[in-house]
Amino acid sequence: MPPDTAAPAPAPASPPYQPKFAGDPARSESEAQALGYMRVVLRAQKEYKKRHDKFAESLPALAGTGSLTKRMARSTERGDYTVSFKTQKDGFILTMTPKQVDTLHRSFYAEDDGIIHGDDQKAADANSPRVK
């Protein structure tokens, strides 16, 4: 008789995401962190523009504005996401790209208008659905 070869027990499922505030659009803890980071950068850019009459040209230039710290501005790796910041004429583009795009790890996109867009199929862009 062959020895019992029971299948390994499935890994425990992580508990469902608990929204951080009323209307929280995040679908997972990773998304909550990515969206929180984006909001900090967008607020810092808004404040920077008020002070300097232009947007900052890099994340390190934004460090110390609002609640964006030097440490936050220094690394492009943010948990399950990679940050991209690019300047464009009179503005900027900020993206958060997950290491794996799925329903719990959408990609995010924002420009100087401060509207965050998300997509769970591909890299988010200005035409992606707005994150509520």
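The values are calculated or read from the model by the stated rules, or taken from the named source; none is laboratory data. Since we're looking at a predicted model, the values are computed, not measured. Here Cβ is always computed from backbone atoms with ideal geometry, including for glycine, and neighbour counts include all displayed protein chains. For accessibility, only protein heavy atoms count, side chains too; no ligands or nucleic acids. Shrake-Rupley method; radii C 1.70, N 1.55, O 1.52, S 1.80 Å.
Brief remarks follow.
- Computed from point charges on the beta carbon alone (+1 for Lys and Arg, -1 for Asp and Glu), the dipole magnitude for the chain about its Cα centre is near 640 Debye.
- Rg/Rh for region 60-102 stands at 1.02; both radii use Cα atoms, and Rh follows the Kirkwood definition.
- Electrostatic tally near SER67: other residues with Cβ closer than 11 Å to its Cβ, Lys and Arg +1, Asp and Glu -1, net +1.
- Considering only THR97, TYR48, SER30, and ranking their Cα positions along the charge dipole of the chain that arises from unit charges at the beta-carbon of Lys, Arg, Asp and Glu, the one farthest toward the positive end is TYR48.
- Long-range tail of P(r) for region 30-104 (Cα pairs > 19 Å, %): 31 percent
- Under 11 Å from the SER58 label point (7 Å along Cα→beta-carbon), backbone N, region 77-120: none
- Environment charge of LYS20, counting only residues whose C-beta is closer than 11 Å and scoring Lys/Arg +1, Asp/Glu -1: -3
- Degrees, to the nearest 10: 29-52 long Cα axis against longest axis of the chain: 0 degrees
- Environment charge of GLU29, counting only residues whose C-beta is closer than 10 Å and scoring Lys/Arg +1, Asp/Glu -1: 0
- Among the lysines of the chain, pairs that are 8 or more positions apart or on different chains and have alpha carbons within less than 18 Å of each other number 12.
- Accessible area per residue for region 30-111 is 54 Å², calculated with a 1.4 Å probe on protein heavy atoms, without ligands, DNA or RNA.
- Portion, in percent, of the accessible area of the chain that falls on carbon or sulfur, probe 1.4 Å: 54 percent
- Summarised as an ellipsoid, the chain has semi-axes of 36, 15, 14 Å, derived from the eigenvalues of the Cα gyration tensor scaled by 5 and square-rooted, with the largest first.
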